[in-house]
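A short worksheet on the structure shown next.
The values are calculated or read from the model by the stated rules, or taken from the named source; none is laboratory data. Computed from a prediction, not measured in an experiment: that's the story for all the values here. Counting neighbours? That spans all protein chains shown, and the Cβs are built from the backbone with ideal geometry, glycine included.
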Amino acid sequence: MVCILSTQAARRAVVERKTNETQIRVEINLDGTGAARLKTNIPFLDHMLDQVARHGLIDLTVECDGDRHIDDHHSVEDIGITLGQAFDKAVGEKKGIVRYGHSYVPLDEALSRVVIDLSGRPGLEYFVEYPRARIGEFDVDLFREFFQGFVNHAKASIHIDNLRGRNAHHIAETIFKAFGRALRMSVTHDPRVGDVAPSTKGSL
């Protein structure tokens, strides 16, 4: 069950998702300052979502109570889904936005690139290889599940490439920082676009 609690002209949204596996609440403000309140009960995911908020200048609240006694899969995937739903509601009709966003972010030896098109068509191209299977207790395979959930419900096309890196923590952090900055660029208003969607079709 998904409950959309509110949307506002200020590009904010609150979404609650409740299933037998997870109970999630996401609140997003695309025109924020980077403030984050995160309680996913998955510490490394909290750390990554904080990067998205801070570098995307997105105010973000994420709360999750999931079946972590099984593993983290359902929680991570469903957080991606719920965040995608909230983002889609907050961005609205996409009138006057840049639409495309990209960012290269380094961290010491690691370098990643994220490119986004708010096309209305979900698609994920994910080319990331980690040197180890876990970062602390976090299973790195779940990052792909997070992004797949996001693109499916944000209706965005996203290309994620790790270009180099040896440290798994550094690789993950460059991806999420670049994701935040690319989101920030894509939702920025361009006054030259006017009050129309940036597409020859007239809508996205």
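When restricted to residues that are over 16 Å from Ile116 (Cβ atoms) and not in a loop (DSSP other than H, G, I, E, B), region 87-104 contains 1.
Please determine, by comparing only the residues of region 165-204 that are among the β-branched types (Val, Ile, Thr) and assigned to a helix (DSSP H, G or I), which one is nearest to the chain's Cα centre (by Cα).
The extreme case among them is Ile175.
Taking Ala133, is it more than 27 Å from Val26 (Cα to Cα) and at pLDDT 95 or above? Yes; evaluated as a whole, the condition is true for this residue. Taken over region 138-164, the residue count meeting the criterion of being within 19 Å of Val15 (Cβ to Cβ), not hydrophobic (A, V, I, L, M, F, W, C) and not in a loop (DSSP other than H, G, I, E, B) is 5.
For region 66-106, a residue qualifies if it is modelled with pLDDT of 95 or more and among the hydrophobic types (A, V, I, L, M, F, W, C), and the qualifying residues are Val76, Ile79, Ile81, Leu83, Ala86, Phe87, Ala90, Val91, Ile97, Val98, Val105. Entry remark, region 35-61: residues being in contact with a strand residue (DSSP E or B) (Cβ under 9 Å, 6 or more places away or on another chain), assigned to a loop (DSSP other than H, G, I, E, B) and surrounded by 17 or more Cβ atoms within 10 Å (Cβ to Cβ) number 3 in total. Scanning region 123-139 for residues that are more than 20 Å from Thr82 (Cα to Cα), hydrophobic (A, V, I, L, M, F, W, C) and free of Cβ contacts under 8 Å to residues at least 60 places away in the same chain returns Phe127, Val128, Ala133. Is there a residue being within 14 Å of Ala10 (Cα to Cα) and of a type in the set (Gly, Ala, Ser) anywhere in region 77-87? Yes, region 77-87 has at least one match. Here Cys64 clears all of (1) under 24 Å from Ile116 (Cα atoms); (2) of a type outside the set (D, E, K, R); (3) part of a strand (DSSP E or B) except the condition numbered (1).
Residue check: is Val14 modelled with pLDDT of 95 or more, of a type in the set (A, V, I, L, M, F, W, C), within 22 Å of Leu118 (Cβ to Cβ) and surrounded by fewer than 22 Cβ atoms within 10 Å (Cβ to Cβ)? Criteria met by Val14.
Of all residues in region 13-31, those satisfying the criterion of being over 15 Å from the mean Cα position of the chain (by Cα), charged (D, E, K, R) and part of a strand (DSSP E or B) are Glu16, Arg17, Lys18.
Which residue out of Ile116, Ile81 is assigned to a strand (DSSP E or B) and either touching a residue at least 12 places away in the same chain (Cβ under 8 Å) or within 13 Å of Phe147 (Cβ to Cβ) (or both)? Steps first, answer last, please.
Numbers: Ile81 fails: assigned to a strand (DSSP E or B).
None of the others qualify; the one that does is Ile116.
Here the condition is being among the charged types (D, E, K, R) and either under 23 Å from Asp88 (Cβ atoms) or touching an Asp or Glu at 6+ places or on another chain (Cβ under 9 Å) (or both); of Glu109, Glu137, Glu129, it holds for Glu137 alone.
Pairs meeting the criteria (first residue in region 18-38 and over 17 Å from Ile70 (Cβ atoms), second residue hydroxyl-bearing (Ser, Thr, Tyr) and surrounded by fewer than 19 Cβ atoms within 10 Å (Cβ to Cβ), beta carbons under 7 Å, at least 6 apart or on different chains) are Val26/Thr61; Glu27/Thr61; Arg37/Thr61. Residues considered: Asp67, Asp59, Asp108, Asp161. Of these, the only one that is of a type in the set (Asp, Glu) and touching a residue at least 60 places away in the same chain (Cβ under 8 Å) is Asp108.
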